[in-house]
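Trainee: Quick one: this structure, given as structure tokens, is what I'll be asking you about.
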Amino acid sequence: MKRERRGRPTTGEGPEEGPEEGTELVYGLHPVRELLEQRPDSVERLIIARDGGRGLGEVLRTANRRGISVSRLPREVLNRKLGRRVVHQGIAAQVSPYPYADGEQMCEGAAERPDACLVALDRVVDPRNLGAILRTAAAAGSDGVLLAGEGTAGLSAAVAKSSAGAIERIPVAREPALARRIESLRERGFRALVLDPGGDTAWDGLDLDGRLLVVAGGERRGVRPAVARACDFRVAIPLSRGVESLNVAVALGVLLFEVARRRCRIPGGP
């Protein structure tokens, strides 16, 4: 399988167009198709030449089905990223260098524990935020983190650095159908709480016993409507006048450490 190791982009396309630091690029139609069949959870994003190419339709349909985002670049830009002598056939896949946990196994294991606490993230795009969240979740004793597919950052060297090692201490899984996963966890006895500044449930008035799934979204757009509708409660953290919102990692930390305090998972609990 053809691979290129890449750091920060040097093409002037900006951080949303280039691969994240420490990720790999797999290129060529057949290698990318094989990657999507064998290791789809490792694929963070497809990069497609805007003028397209033969045989891309099936690959794009597979990516859409699995919730993998697709970026389209001018072919000249893709040539510069991969090298002008590389035969990439108009397609490359950005691959995470860090292994993901199996989402189904992680959820099945959590469902066997009466006080399991899982975290789910939707539309969190900043790798520094994701790293901080992983560190917070690990420190609060959470059992695992589910990352939505399209529009949500994945594991990378930048995430690992921001997590200060916590990326190795908590299982992280990709979940392309997050709303359905939430419904499945509710059927297994989880209550799903979504952090929402406009929520009608106060964070300190909740019953936090039993199995919990804590859901949070990026600051700019929050969670998708379908994800919010799948949850049992919309939870708000009250803020002083003049402060509109908290960073998502901070807001999650408030709630996760309250869960940990009540369950005596950290020193100082009741």
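Trainee: Can you give the extra length, in nm with one decimal, that the chain gains between Arg72 and Arg221 once fully stretched, where that is 0.36 nm per residue apart less the Cα-Cα distance?
Mentor: 51.4 nm
Trainee: In whole Hz, with x marking every Gly and Pro, tabulate ³J(HN,Hα) for region 106-119 from phi via Karplus 6.51 cos²θ - 1.76 cosθ + 1.60, θ = phi - 60°.
Mentor: Result, ordered by residue: 4, 5, 4, x, 5, 5, 7, 9, x, 10, 5, 9, 10, 10 Hz.
Trainee: Which residue, Val77, Val223, Val194, has the most motion in a Gaussian network model of the chain that connects Cα atoms within less than 10 Å?
Mentor: Val77
Trainee: Looking at the square roots a ≥ b ≥ c of the eigenvalues of the Cα gyration tensor of region 103-262, which shape do they give, rounded for a/c under 1.5, prolate if a/b is larger than b/c, or oblate?
Mentor: Taking the square roots of the gyration eigenvalues as a ≥ b ≥ c, region 103-262 is rounded.
Trainee: What does the charge count around Arg221 come to, taking other residues whose C-beta lies under 13 Å from its C-beta (Lys +1, Arg +1, Asp -1, Glu -1)?
Mentor: -2
Trainee: Sticking with this one: Using DSSP, restrict attention to beta bridges with both residues in region 103-262 and report what percent are antiparallel, rounded to the nearest 5.
Mentor: Approximately 5 percent, going by the DSSP bridge assignments.
Trainee: Test of understanding: extend the Cα→C-beta vector of Arg241 to 7 Å, then name every residue of region 193-222 with backbone N under 16 Å from that spot.
Mentor: Flagged as within label range: none.
Trainee: Using only Cα atoms and rounding to the nearest 10 degrees, what angle (0 to 90) does helix 178-187 make with the longest principal axis of the chain?
Mentor: Between helix and principal axis, roughly 40 degrees.
Trainee: Ok, one more. If you average the alpha carbon positions of region 219-247 and of region 170-204, how far apart do those two centres end up, in angstrom?
Mentor: Between the Cα centres of region 219-247 and region 170-204 lies a distance of 13 Å.
Trainee: Short version: ³J(HN,Hα) in whole Hz for each residue of region 228-238, in order, from phi by Karplus 6.51 cos²θ - 1.76 cosθ + 1.60 (θ = phi - 60°), x for Gly and Pro, what are they?
Mentor: 4, 5, 6, 8, 7, 9, 9, 9, 10, 9, x
Trainee: A further question follows. Among DSSP bridges having both ends in the chain, what percentage is antiparallel? Round to the nearest 5.
Mentor: For the chain, the DSSP antiparallel bridge percentage is about 30.
Trainee: If packing is taken as the average number of other Cβ atoms within 10 Å across a peptide's residues, how do 98-106, 114-122 rank, most packed first?
Mentor: 114-122, 98-106
Trainee: Still on this structure: How long is the gain from Arg188 to Arg61 if the chain were fully straight, where each residue apart is worth 0.36 nm and the alpha carbon distance is subtracted?
Mentor: So the extension gain works out to 42.6 nm.
Trainee: Let me ask something additional. With θ set to phi - 60°, apply the Karplus curve 6.51 cos²θ - 1.76 cosθ + 1.60 along region 207-214 and write out the HN-Hα couplings as whole Hz, x wherever there is a Gly or Pro.
Mentor: Working through the residues one at a time gives 7, 9, 7, x, 7, 10, 10, 9 Hz.
Trainee: Take the chain, connect every pair of alpha-carbon atoms lying under 10 Å apart with a spring to form a Gaussian network, then pick out the residue of Pro238, Pro127, Pro171 with the largest mean-square fluctuation.
Mentor: Judging by the Gaussian network model, the answer is Pro238.
Trainee: Mind checking region 146-236 for trypsin sites (Lys or Arg not before Pro) that DSSP puts in a loop (not H, G, I, E or B) and that have at most 16 other Cβ atoms within 10 Å?
Mentor: Arg169, Arg188, Arg220, Arg221
Trainee: Take each of the peptides 65-74, 199-208, 250-259, average the number of other beta-carbon atoms within 10 Å over its residues, and list them starting from the highest.
Mentor: 250-259, 65-74, 199-208
Trainee: Name the long-range amide H neighbours of Ala93: under 5 Å, sequence gap of 5 or more, or other chain; modelled H, no Pro or chain starts.
Mentor: Amide H neighbours of Ala93, under 5 Å, 5+ apart: Val26, Tyr27, Ile47.
Trainee: If r is the Cβ-Cβ distance from Arg113 to Glu34 and R0 is 45 Å, what FRET efficiency results, to the nearest 0.05?
Mentor: With R0 = 45 Å, the Cβ-Cβ based efficiency is 0.75.
Trainee: Got the relative contact order for region 150-245 handy, in percent, Cα pairs under 8 Å and 6 or more residues apart?
Mentor: Over region 150-245, the number comes to 32 percent.
Trainee: Report the residue, chosen from Val243, Val215, Val86, that carries the largest GNM mean-square fluctuation when the chain is represented by alpha-carbon nodes joined by springs under 10 Å.
Mentor: Val243
Trainee: Now for a different question. Taking amide hydrogens as modeled 1.01 Å from N in the peptide plane, which residues meet the under 5 Å criterion relative to Gly144, leaving out close sequence neighbours?
Mentor: Placed amide hydrogens put Val119 under 5 Å from Gly144.
Trainee: Before anything else, pin down the relative contact order of the chain: Cα pairs under 8 Å, at least 6 apart, normalised by residue count, whole percent.
Mentor: 18 percent
Bear in mind that the values in this text are calculations on the coordinates, not laboratory data. None of the values given here were measured: they were computed from a predicted structure. Every residue, glycine among them, receives a Cβ derived from its backbone with ideal geometry; neighbour counts consider all protein chains shown.
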